[in-house]
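Everything below concerns the one structure shown next.
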Amino acid sequence: MAAWTKSFGKNDALNPWSSLRYAKSREHFYPLKVDYFLLTWDGREWSLGSEFPPKTWSTGNRRYNVDAGDRVLLLRQTVKPIGIVAIGQMTGPAQEVPHLDPVRAAAGDVSLVAPIQWDYFEREPVLLREDVPEPINSAVKWATPGGGIDLGAVGLFLDQEFRRAIDKVRDDTAAEEEIASDPTIGPTEKETLRKARIGQGKFRANVLEVERDGCRLTGVADARLLRAGHIKPWAASTNSERLDGHNGLMFTPAADHLFDQGFISFSDEGDLMIATAYIDAADVKRMGLNLRANVGPFSRKQRHYLAYHREHVFKG
């Protein structure tokens, strides 16, 4: 269960390259001149301990000017999946303490430890490394040990992407709880809706009835190689929409990932749309997708769902 100290405003769109002066959450504003640091956690070597979420975290031995008000993101390394598990704000300057490793502490080494108020903390990654688009992904030093990495402008972008990922988790969880507590829905239907969330069961069969030619983007026709993904996200859909075959497309895993994350979408006439501010078109091409593809027109019912995707999911 995620640990919250503050809740983020839903769909707070932030563009790190814009001239916006403030990044907004529901409870506070913080100026964009604030520094961002990437802290690290080696999940193989030590656990989070009994205090969860922890009130302090090591910033490594790096002598950056980390101080109260700086934003921090926590990266879980070495244990897959690799990704960002927490985000928060330093409530005071980093202080020298005996090194957290007893052997090194005995040798006189020190660690820099900062008090942190976490906005969100989860034991498993919320924002996976592979979900961060280029060129941001290459700019993050995912494998650098020790923490205290100054992220610069990239930090604001990761802040935005992390909060979007939180929204998705929160929406899915709320929808699942609503279904589970609804006395009018029987156990069989609840299981059907659960399977629909992950593209299985009746939903998948319904999509295959509509999308009989396979993946529109790649031409792969073997259904065993394809995923059934919702056009209008499962969490935002009604129960009937969650099972509607017109609210889905069959994709290869790579294409499904791009569509689900909002890196691509389609016009009603079937023209491929790419969020080039978030993903390099050359990388899309390397994934086997035709950049000038027209995948064919969509039906009236599919256009209804695509309009939602373009408005609320697509990042273009």
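Couple of notes before you dig in:
- Spin-label model, ASP101 to GLU311: label points 7 Å out along the Cα-to-beta-carbon direction sit 5.5 nm apart.
- Label positions at ASP213 and THR276, each projected 7 Å from the Cα along the C-beta direction, are separated by 2.6 nm.
- A full extension of the chain between VAL79 and ASP171 corresponds to an added length of 30.5 nm, given 0.36 nm per residue minus the alpha carbon distance.
- Checking the cross-link pairs LYS168/LYS315; LYS55/LYS141; LYS141/LYS315; LYS232/LYS301 against a 21 Å limit on the alpha carbon distance flags LYS55/LYS141; LYS141/LYS315 as lying beyond it.
- Estimated vicinal HN-Hα couplings, Hz - segment 117-127 in sequence order (Karplus 6.51, -1.76, 1.60; Gly, Pro = x): 9, 7, 6, 7, 9, 9, 6, 9, x, 8, 10
- Protection proxy ranking of 181-187, 203-209, 166-172, by the mean of other Cβ atoms within 10 Å over each peptide's residues and highest first, is 203-209, 166-172, 181-187.
- Taking a sphere under 10 Å around the Cβ of ALA180 and counting the other residues whose Cβ falls inside, with K and R at +1 and D and E at -1, yields a net charge of -2.
- Here the extension length gained between GLU178 and LEU291 equals 36.7 nm, from 0.36 nm per residue of separation less the Cα-Cα distance.
- With 5 Å bins from 0: P(r) over segment 163-316, alpha-carbon pairs, percent: 2, 10, 18, 23, 20, 14, 8, 3, 1, 0
- Cα-based shape type of segment 217-262, given that a ≥ b ≥ c are square roots of the gyration tensor eigenvalues and the cut on a/c is 1.5: oblate
Read the figures in this text as sums done on the coordinates, not as results from a lab. The structure displayed is predicted, hence computed values, not measured ones. Neighbour counts are summed over all protein chains in view; Cβ atoms, including those assigned to glycine, are modelled from backbone coordinates with ideal geometry.
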